[in-house]
Structure formats: structure tokens, C-alpha cells
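Scroll down for the structure; my scribbles are underneath it.
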């Protein structure tokens, strides 16, 4: 019987200034007496030590959740039902021998900061004044879920989505604020009635780190926006004629070829138009500038744009 084991190694349940040291020593001695492993402590049956009918301990609830654990509150009373003030109490986590101490406030409430992994955990609350031990089960879960890395095409209409859960383990109600950050720019979005907050991915093509934060919880993902207008022509160092060809490929927002669509190109203060063929390729015949220098070739279709740089330093034929 674990309770008897604790007594045999000299634990005193009187509330005095040495209580913390006594508990710590008994924990160490008990672990040594088993097999020096956490597994041995976790495999022990604590049922004989636990008194879940005890009225000197009121099991509490999770008051806050963090990315690496929770804050748990419980109330401790003496045998007459009077709150234990400024008293050291103990909370074992999945074992009577592994846990943390806390000091009660004027109402007998103790706050335990528990570093816990995700999943179900059994707590063993010890009242050192009444010698009672009471158990409680809590569930540690992700407050922000549903987030993931994603690849989308430009102007796809898709969103980066998170779902927010409250301390009760249920999705939060509408109008809870979630802060999304993209390239240091913040966007505050409220949850819907099902606890979802959605950031529309209307970024230009590129790679982005997107964060979502709710209270103390933060998740980070990589979002890649793939272009739908792709320059196919690369300009090299060569002698140029009076005109030259420039090609672009057009895709829709699902990445499929867009046929027979008008694409525009602006180059050297002139605008050119061409239609895409069955492969989604539009070909432009552009006039070579007389002046030397660097020129931008800007292709556009709707909101999609693509820029290539043309260097005029070769002698025109």
C-alpha cells in the first residue's frame, strides 16, 4: 500500500516549515526503493492511498493552458472545513512520486503549474494536514488545431485556417480574436460560430511564414503561393535584331492550362496583347529599344503579374 510506504520512510503530514523537504526526501527514497525508474513508479497501484471521498480536497480545473502545459487549481481544507491558508500542498502527475508543490492562498486555493504533454493525465492531490490524497483526471489538448503547411496557386480563393478550443475542450464561440502575422504584417480575424478563424491567402506568389496566435498559443506554418503567370523567355547576352520574342505561360487558379486567354505585356512604354494557345502559352513580338539599359517586361492577366528583366547592351543588327 503506497500510503503505508510513504509513512514508513518518515513522511510527516503536519503543516510545518519542513514539509517541503520531507515530501522531497520521501519521494526520492520511494523511487530508490522501487527500481530507480519512472516506469516503476508509474506502474504502481495507488488505489489504496487515494481517498476520492475526502472533503478536505476539492479537485479543481484547468485555469489556463500554455503551449507546454497547464495551470491547475484545487482547494484544500482542514478537517473542520476551514480553508488552509499559506500551506504547502502537493500534486503528483501520473504518479504519486513525481509532481510539484504549491502554496495555498487565503482561500485555500493552490495553483499548480504542470508541464504536460498532450493527452490524458491523472493528478494526485495531497493534503499534508489531513493526510488525504485525492485523484483527478485532466485532458491536455491543442488549443489551436487544423493549421498546416500548404501550397496554393495565386488567387485560388483558399484560406489558411485554424480552429480554436477553449479550456473546456470545446470550440470557442464566435468573435474570439486570432492574430495572423504574414511578413511582419498583422491581421486580426474573429472566429465564426464553430471556432474557426480564416485568413484568406491573397498574397503574391512566393514563400511565406504564417503565424496564428490566440492568447498565449502560437502556431507557425509555411505557405507557398505558386504563380499562374510564368515567364518562359530568358534574356541572354547576344546581338539583337529589331524585334525579339517573349513567351509566358498562363494557368488558372487550380494550376491547369488556360487556353485562348488574352494576356497583356507592357514593355518600353508600349502595351502588347496576345492569346494563349492550347498549351497555355502566349507569344509576343516586342520591339528592341534603341537605348541601352535595363527594361522590365511586365506580363499581366487579371490580378496575376509576372516581370522579366531585359538588358539592352548588345548592338542591334
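Each reported figure results from applying straightforward, stated rules to the coordinates on display, with no laboratory input. In this text, all values refer to a predicted model and were calculated from it rather than measured experimentally. Every residue, glycine as well, gets a Cβ built from its backbone with ideal geometry; the counts of neighbours run over all protein chains shown.
Per-peptide packing, taken as the mean over residues of other Cβ atoms within 10 Å, places 283-295, 75-87 in the sequence 75-87, 283-295 from highest down.
Based on the Kirkwood radius over alpha-carbon pairs, what is the Stokes-Einstein translational diffusion coefficient of the range 74-180 at 4 °C with 1.567 mPa s viscosity, in µm²/s? The partial results should precede the final answer.
On the way: Rh = 17.0 Å.
In µm²/s, the coefficient rounds to 76.
Classify the range 144-226: rounded, prolate or oblate, from the alpha-carbon gyration tensor (a ≥ b ≥ c, eigenvalue square roots; a/c under 1.5 rounded; otherwise prolate if a/b is larger than b/c)? The shape class here is prolate.
In terms of its Cα atoms, the range 46-122 spans 37, 30, 17 Å along the principal axes, sorted from long to short. For the range 52-206, the relative contact order comes to 18 percent (Cα pairs under 8 Å, sequence separation of at least 6).
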